[in-house]
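Worksheet: one structure, shown below.
No lab work stands behind these numbers, since they all come straight from the coordinates. Everything numeric in this text was worked out from a predicted model, so none of it was measured.
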Amino acid sequence: MGGGKGLALGVVLVLAVLAAGAWFVTREASPPTEGARLTVAEALGAPGGTEGYARASEPREFHFPEDHGPHPEFRTEWWYWTGHLETADGHAFGYQLTLFRNALAPREAERASEWGSREVYMGHFALSDIDAGRFHAFERFSRAAVGLAGARTQPFQVWLERWKAEGGEGGVFPMRLSAEARGVALSLVLEEGKPPVLQGDRGLSQKTAGAGNASYYYSLTRMPTRGTVTVDGHTHDVTGTSWMDREWSTKSLGADQVGWDWFALQLSDGSELMHYQLRRRDGSVDPFSAGVDIPAQGEAVHLPRDEVRIEVLDTWRSPRSGTEYPAHWRLSVPSRQLVLELTPAQADQELPVTVRYWEGAVRIQGTRAGQPLTGRGYVELTGYGEATAPAPSPR
C-alpha cells in the first residue's frame, strides 16, 4: 500500500516463508491454517534488524526511470498496482497486484550455490469480479534465485515466477502487467498518465518518530489501462485506469501502531486523493497519518493528519475470520471543500493470506466546492484482527 502497503507486509516475508512455505491460496481453495497466520504486530517483529541497511532519513532527489527499479541497499520495497476495469458492455472488475522484495541479510558475499539468495519475494494478486459478486485472492513466495524472482532497472522488470511487471521497448512505459493463478488471469498495458507524485516531504514519508523511520514513496495516480481479464474460462477485453505506488524503506511501523486505513481515490473532476490513517492500539489516530490531494492540473497539495476527517458509517464482519472491518465511510477535507462517501463495490474483499487484511474496490459519491463528484477507488484495511474497534474520526 502506499502509506501502508508494505509497511509491515514486506517485513513479514521471512516469517511467512518459515510458517507457511511457498504456497498460494484462492478464496475457493482451503486457506492456510490459522496457526500459519501472522498479525501485523508479529510481522513487525520479523527476524533481523536495521544494521547494515540504508535508511530513509532525509529527502532525496528522485530519478526516473531509474527509481522504478530496485533499491537493494534497503531492507524492504514493494511495487503496487490497483485498478478499475470494464468491458465494452459495462462488466466491472477491480484488481490488485503487489510484488514485495525483502532482504534476508545486508549485502553479503554471493552464495556458492545457485539456489542461495539474500532476498525473498512475496506477491499478492486479487480480482474483484464485481458484477458476479466474486472475489479471487492469491499469494505466492519465492527466493530470488535461479531466475524465480527478481527485479532490475534496465530493462525494467519485476517478477515472481509468472507474475510480473515489465517495461516497453526502450523504457518503462507502456508498462505490462501479467499474473495468472488457478484459471484467473490478468494481462494489462499501463500508460504513465500523470507524472509521479512525491508523497510526504519531497518523497520522504515519515511513519513514526525518529530519523530513518520513514520510507521513500511516490505514486502514479491515473494510469490509462487496457488489456484482458480471464475468469471462469472467459477472457474479457477491458479498459480502465490504474494506480501505482512505490515505496522502499528499512524501518517499519512503531511499536504502538497496529495497522492502517489507506485510501486511493480517483475522482470524476480529474483529481485524485490519497490518505493513510495509521491506527494505534488504543484505537486513536496516529499523528503521522498523512495524505495528498492531486488536482486535475497543477501541483499536489499535501494534507497533514488534522486536515482529513474519516467517519465510519457502517461495518462488515468476515464470515471466515470473524474480523469486523469498516465498510462505509464519509471522508471530508474542509480545507479543500471536499466531502466524499465511499462504499465497497462488494462487501467481501478480504484476502485470506498470511497477514489477513481487507483490500478492495470502492465507489464514491460526493462534492467539491458544492459541485457533485463521483469516482472509484481502492481501500486497504490492516490490523483489524488486533484492534478493538474501528478508529475514530480525527478531530
Original post:
Quick one: Karplus J couplings for region 57-72, per residue in order, coefficients 6.51, -1.76, 1.60, θ = phi - 60°, nearest Hz, x for Gly and Pro?
Top reply: 10, 7, x, 9, 7, 9, 10, 10, x, 4, 6, 5, x, x, 10, x
Original post:
Can you list the HN-Hα couplings for region 161-176, worked out from phi with the Karplus curve (6.51, -1.76, 1.60; θ = phi - 60°), rounded to whole Hz and with x for Gly and Pro?
Top reply: 6, 8, 9, 7, 10, 8, x, x, 4, x, x, 8, 10, x, 8, 10
**OP:** Starting from the amide H of Tyr218, placed 1.01 Å from N in the peptide plane, find each other amide H under 5 Å away whose residue is 5 or more places distant or on another chain.
**Re:** Gln199, Arg246
Subject >> Per-residue ³J(HN,Hα) for region 319-324, Karplus 6.51 cos²θ - 1.76 cosθ + 1.60, θ = phi - 60°, Hz, x for Gly and Pro >> reply: x, 8, 9, x, 6, 9
Original post:
In terms of modelled amide H atoms, which long-range or inter-chain residues lie less than 5 Å from the amide H of Glu119?
Top reply: Leu104, Ala144
